[in-house]
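Q: Shown below is the structure under consideration.
The values are calculated or read from the model by the stated rules, or taken from the named source; none is laboratory data. Computed from a prediction, not measured in an experiment: that's the story for all the values here. Quick reminder, even Gly has a Cβ in these numbers, built from the backbone with ideal geometry, and neighbours come from all protein chains shown.
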Amino acid sequence: MAGYAWLLRLLLLLLAVGLGYAVLSLPDQAQGLQPDVLGKMDQSGVTHPVTAVLLNFRGYDTLLEMAVLLLALLGIWSLGGLPEARPESEPGPVLGTLTQVLVPVLIVVAGYLLWTGAHAPGGAFQAGAVLGAAGVLLQLTGWRLPRRAAGHPLRITLVAGVAVFLIVAALPLPGGRQLLEYDPNYAGVLILVVEAFATVSIGVTLAALFFGADPTDKAPK
């Protein structure tokens, strides 16, 4: 065991040295890809460069990020989650009232971030994070998914974001385009569809990560 510990230290040291060298070797003034992105904005379907990069020009990265988030949840479920050390206590009046006030606000904020991502900072991951925070607050008050919703409906919601992303990514293929190469005339609509499903999937995934175990194991009937 001691040998593995020293090997791990050595690998971490080499990683730190490599990262340090990469950072120190960066040029002082780098033009980057900003001119290329701004020159293609009329084909992106949106007016905000970050959204254009994440959902169009570099859509592969976003798709893989969503897949990694889903795989992380599946990994936690496969381990059975964390055992409960003691029975959950009833939430106090402050937490209960705060949740009743904040959860509707968080849902509205998530919808706003989703919609505004086309022309301002926002988008699916920001909206999903806010939606996940609403789910965490609900869980802190003792709320749990009913058993009928914790099975197939939950699983469909979790994979919907990645599934819709893959379907939209493959739509250009019959027309002779490449994967994720949207038609500029429909790019905006396709990006909005992808982000809408991704927002819900990301929010539910983050809330499920906080819960830990598969909800079907503890869902109320």
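Q: Taking helices (runs of 4 or more DSSP H) that fall entirely within region 1-63, which contain at least 3 residues that are within 30 Å of Val189 (Cβ to Cβ) and modelled with pLDDT under 85?
A: In region 1-63, 34-39 are the helices (runs of 4 or more DSSP H) which contain 3 or more residues that are within 30 Å of Val189 (Cβ to Cβ) and modelled with pLDDT under 85.
Q: Here is a further query. Restricted to region 116-125, and to residues that are part of a helix (DSSP H, G or I) and touching a residue at least 60 places away in the same chain (Cβ under 8 Å), which residue is farthest from Glu195 (Cα to Cα)?
A: Checked region 116-125; the qualifying residue farthest from Glu195 (Cα to Cα) is Phe125.
Q: Right, something else. From the residues in region 168-191 that are in contact with a helix residue (DSSP H, G or I) (Cβ under 9 Å, 6 or more places away or on another chain) and among the β-branched types (Val, Ile, Thr), which one is farthest from Ala52 (Cα to Cα)?
A: Val168
Q: Just to be sure, is Glu88 out of contact with any Lys or Arg (no Cβ under 9 Å at 6 or more places or on another chain) and at pLDDT below 85?
A: Yes.
Q: So the check is Cβ under 7 Å with 6+ separation or different chains; which pairs have a first residue in region 128-149 that's under 8 Å from Gly203 (Cβ atoms) and a second one that's in a helix (DSSP H, G or I) and of a type in the set (Ser, Thr, Tyr)?
A: Here the result reads Gly128/Thr199; Leu131/Thr199, each pair linking region 128-149 to a residue that is in a helix (DSSP H, G or I) and of a type in the set (Ser, Thr, Tyr).
Q: With respect to the numbered conditions (1) modelled with pLDDT under 90; (2) buried (at least 18 other Cβ atoms within 10 Å of the Cβ); (3) among the aromatic types (Phe, Trp, Tyr), which one is the sole condition not fulfilled by Phe197?
A: With (1) modelled with pLDDT under 90; (2) buried (at least 18 other Cβ atoms within 10 Å of the Cβ); (3) among the aromatic types (Phe, Trp, Tyr) applied to Phe197, the lone miss is (1).
Q: Just to check your reading of the model, which residue among Ala124, Ala187, Ala118 is under 23 Å from Val68 (Cβ atoms) and not acidic (Asp, Glu)?
A: Within the list Ala124, Ala187, Ala118, the selection yields Ala124.
Q: Looking at this structure, is Ala160 surrounded by 20 or more Cβ atoms within 10 Å (Cβ to Cβ), of a type in the set (Gly, Ala, Ser) and in contact (Cβ under 8 Å) with a residue 12 or more places away in the chain?
A: Spelling it out, it is not the case that Ala160 is surrounded by 20 or more Cβ atoms within 10 Å (Cβ to Cβ), of a type in the set (Gly, Ala, Ser) and in contact (Cβ under 8 Å) with a residue 12 or more places away in the chain.
Q: Only one of Val94, Val130, Val103, Val136 is of a type outside the set (Lys, Arg), farther than 17 Å from Phe210 by Cα and either assigned to a helix (DSSP H, G or I) or at pLDDT 85 or above (or both). Can you tell me which?
A: The match here is Val94.
Q: Based on what the data block shows, is Ala207 closer than 21 Å to Leu79 by Cβ and modelled with pLDDT under 90? Walk me through it before giving the result.
A: Details: closer than 21 Å to Leu79 by Cβ: yes; modelled with pLDDT under 90: no.
No.
Q: Which pairs do you get when a residue that is part of a helix (DSSP H, G or I), found in region 194-215, comes within reach of a residue that is charged (D, E, K, R), reach meaning Cβ atoms under 9 angstrom, with the pair 6+ apart or on two chains?
A: Close Cβ pairs satisfying both conditions: Ala208/Asp214; Phe211/Arg144; Phe211/Lys218; Pro215/Arg144; Pro215/Arg147.
Q: Another question, then. Restricting attention to region 168-187, which residues are exposed (fewer than 13 other Cβ atoms within 10 Å of the Cβ) and part of a helix (DSSP H, G or I)?
A: Within region 168-187, Ala170, Leu173, Pro174, Gly175 meet the criteria.
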